[in-house]
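Got a structure for you, questions after.
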Amino acid sequence: MKSDNIIIAVDGPAASGKGTLSRRLASFYGLAYLDTGSLYRGVGWVMLSRGLSPRDVEDAEATAKAFTLEQLDGADIRTPDVGRAASVVAALPEVRDALLEFQRSFAASPPNGLKGAVLDGRDIGTVVCPDATVKLFIDAAVEVRAERRWKELNERDSSVSYEQVLEDIKRRDKRDSTREAAPMKAAQDAHLIDTSMLDIDAAFTAVRREIDKALMKSAMEGQPTA
Ligand code: CDP
């Protein structure tokens, strides 16, 4: 079922720049923003903080079913440990099912009466919002992504090495793209943007071009024919 909401689906691997881009797009187009990775990170964080193994299917399913964003108040979910736990629970179909409804209702009824939403993640264009107004797949060379993530992490913890971050991202990319449940992949109708050589302003300009074209097309399709 297609709603009248404007939905921008932004998928891509770790540190591809999709989060920064998505936030900027949401503010530019006046849309709500949902970082769906924070839901998987949230479930991973709750499990780690309760001493549960992210690999335990029953515990992971129960945690995902009971999960609310309020549980994350004050939690640091941007650590490498939480990223790994997120990627482990995200491979479980039971966890994905439990989080799907929340993501779909956010897209169907964005908060504050906004006219649509930007959702970023791994399976937004393929599973969560297959009818999105526009789909983007943001990628970059793995070394470039590792460098970006390493700089980010280094501002908080200088003991993390570039090599560790590179290894971690490679392992997570592999797990995310080879799992059976909603693997990370570009939707057939997604626009592929490689940000290896683009700074945030250049990437923003590149994606805006695609979005404006898609919005124009969807506005024309919505017009009554004479
Ligand atoms: O910020 P970063 O790209 O490192 O990761 P994230 O977007 O916060 O996502 C953390 C993990 O959640 C990913 O490695 C995926 O395993 C999982 N995830 C997912 O499976 N599906 C989504 N729609 C979003 C995240």
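Taking region 70-110 only, how many residues are at pLDDT 95 or above and in a loop (DSSP other than H, G, I, E, B)?
Count: 6.
Which residue out of Ala182, Ala186, Ala140, Ala146 is out of contact with any Gly (no Cβ under 6 Å at 6 or more places or on another chain), touching a residue at least 24 places away in the same chain (Cβ under 8 Å) and closer than 19 Å to Leu39 by Cβ? Show your work before the answer.
On the way: Ala186 fails: closer than 19 Å to Leu39 by Cβ; Ala140 fails: closer than 19 Å to Leu39 by Cβ; Ala146 fails: closer than 19 Å to Leu39 by Cβ.
On inspection, the qualifying residue turns out to be Ala182.
Right, something else. Taking the condition open to solvent by 60 Å² or more (accessible area, probe 1.4 Å) and at negative phi, does Leu39 pass?
Values: open to solvent by 60 Å² or more (accessible area, probe 1.4 Å): no; at negative phi: yes.
Taking the combined requirement at face value, the residue does not satisfy it.
Still on this structure, I have one more. How many residues does region 31-65 contain that are among the aromatic types (Phe, Trp, Tyr) and not in a helix (DSSP H, G or I)? Can you show your working first?
From region 31-65, those among the aromatic types (Phe, Trp, Tyr) are 33, 40, 45; that's our starting set.
Subsequent filtering for residues that are not in a helix (DSSP H, G or I) retains 33.
Qualifying residue count, region 31-65: 1.
Going by the structure shown, is Glu163 more than 13 Å from Ser16 (Cα to Cα) and in contact (Cβ under 8 Å) with a residue 40 or more places away in the chain? Break it down into steps so the answer makes sense when it comes.
Numbers: more than 13 Å from Ser16 (Cα to Cα): yes; in contact (Cβ under 8 Å) with a residue 40 or more places away in the chain: no.
When the stated conditions are applied, Glu163 does not pass them.
Could you go through region 172-191 and let me know if any residue there is of a type in the set (Gly, Ala, Ser), at positive phi and in contact with a helix residue (DSSP H, G or I) (Cβ under 9 Å, 6 or more places away or on another chain).
Of region 172-191, the ones of a type in the set (Gly, Ala, Ser) are 177, 181-182, 186-187, 190.
With at positive phi added as a condition, the list becomes 182.
From what is left, the residues that are in contact with a helix residue (DSSP H, G or I) (Cβ under 9 Å, 6 or more places away or on another chain) are 182.
Yes, that holds for at least one residue.
May I pose another question? How many residues are under 30 Å from Ser158 (Cβ atoms), over 14 Å from the mean Cα position of the chain (by Cα) and within 11 Å of the ligand (Cβ to nearest atom) when one looks only at region 80-119?
Looking only at region 80-119, we keep the residues that are under 30 Å from Ser158 (Cβ atoms), and these are 80-90.
Applying the additional criterion that residues be over 14 Å from the mean Cα position of the chain (by Cα) yields 80-82, 84-85, 88-89.
Remaining after also requiring within 11 Å of the ligand (Cβ to nearest atom): 80, 82, 84-85, 88-89.
Qualifying residue count for the region: 6.
The values are calculated or read from the model by the stated rules, or taken from the named source; none is laboratory data. Keep in mind it's a predicted model, so treat the numbers as computed, not measured. So basically every Cβ, Gly included, is an ideal-geometry build from the backbone, and we count neighbours across all protein chains shown. Please note that ligands, DNA and RNA were not included when accessible areas were found on the heavy atoms of the full protein model with its side chains. Shrake-Rupley method; radii C 1.70, N 1.55, O 1.52, S 1.80 Å.
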